[in-house]
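Accompanying notes for the structure given below.
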Amino acid sequence: MRQFKRSQRLGEQILRDISSLLEIELSEVAPGMVTFTQVRLSDDLRYAKVYYSYLGSDEGREWIVGYFEREKGRIRSQIGRKLRIRHIPEFTFTFDPSVEHGMRIEQLLDGLKREDNQD
């Protein structure tokens, strides 16, 4: 049986809580689509790096960065109410480009398929 670290289990719970808290809120005000992809916690559970992807314009991405910077205290307190731990981690929001890279690779592969079908 595989053993999971407490930081990994807690990270998954924080990811679920942040997703449910912010995806509805951001869909109403954000100029694009935000998806939370991963949460990595330090081993001492004091710091959480929240990775998110964004599909939209560059101006929208800047807006999202500012939004997370302004609201991270409120987000931390709301997530802290749901968690039953002694110390609520400090959140850092980090852009995750993997979704954009995946979409770009898919576009390139589709282009190659079309070229093969034309030959």
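The values are calculated or read from the model by the stated rules, or taken from the named source; none is laboratory data. Since we're looking at a predicted model, the values are computed, not measured. Cβ sites come from the backbone with ideal geometry, for glycine too, and all protein chains shown count toward neighbours.
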| said: Of everything in the stretch 90-119, what is out of contact with any helix residue (DSSP H, G or I) (no Cβ under 9 Å at 6 or more places or on another chain) and of a type in the set (A, V, I, L, M, F, W, C)? Give them in sequence order. | reply: Val99, Met103, Ile105, Leu108, Leu109, Leu112
| Out of Lys49, Lys72, sole residue that is of a type outside the set (A, V, I, L, M, F, W, C) and touching a residue at least 40 places away in the same chain (Cβ under 8 Å) | Lys49
| Residue that is modelled with pLDDT of 85 or more and either polar (S, T, N, Q) or over 24 Å from Leu83 (Cα atoms) (or both), where the choices are Ser53, Ser27 | Ser53
| said: Residue under question is Arg61, and the condition is that it be in a helix (DSSP H, G or I), at pLDDT below 90 and not small (Gly, Ala, Ser); does it hold? | reply: yes
| said: Suppose we filter Ser19, Ser53 for residues that are part of a helix (DSSP H, G or I), of a type in the set (Ser, Thr, Tyr) and surrounded by 11 or more Cβ atoms within 10 Å (Cβ to Cβ); which single one remains? | reply: Ser19
| note | Screening Tyr67, Tyr54, Tyr47 for residues that are of a type in the set (Phe, Trp, Tyr) and touching a Pro at 6+ places or on another chain (Cβ under 6 Å) leaves only Tyr47
| request: Hey, can you tell me all the residues within the stretch 71-103 that are surrounded by 11 or more Cβ atoms within 10 Å (Cβ to Cβ), of a type in the set (D, E, K, R) and either in contact with a Pro (Cβ under 6 Å, 6 or more places away or on another chain) or part of a helix (DSSP H, G or I) (or both)? | output: Glu71, Lys72, Arg76, Lys82, Glu100
| remark: Considering the stretch 22-38, residues that are over 14 Å from Ile75 (Cα atoms) and assigned to a strand (DSSP E or B), and then whichever is farthest from the chain's Cα centre (by Cα), we arrive at Gly32
| So, in the stretch 1-41, of the ones that are in contact (Cβ under 8 Å) with a residue 60 or more places away in the chain and of a type in the set (S, T, N, Q), which residue ends up farthest from Pro97 (Cα to Cα)? | Gln13
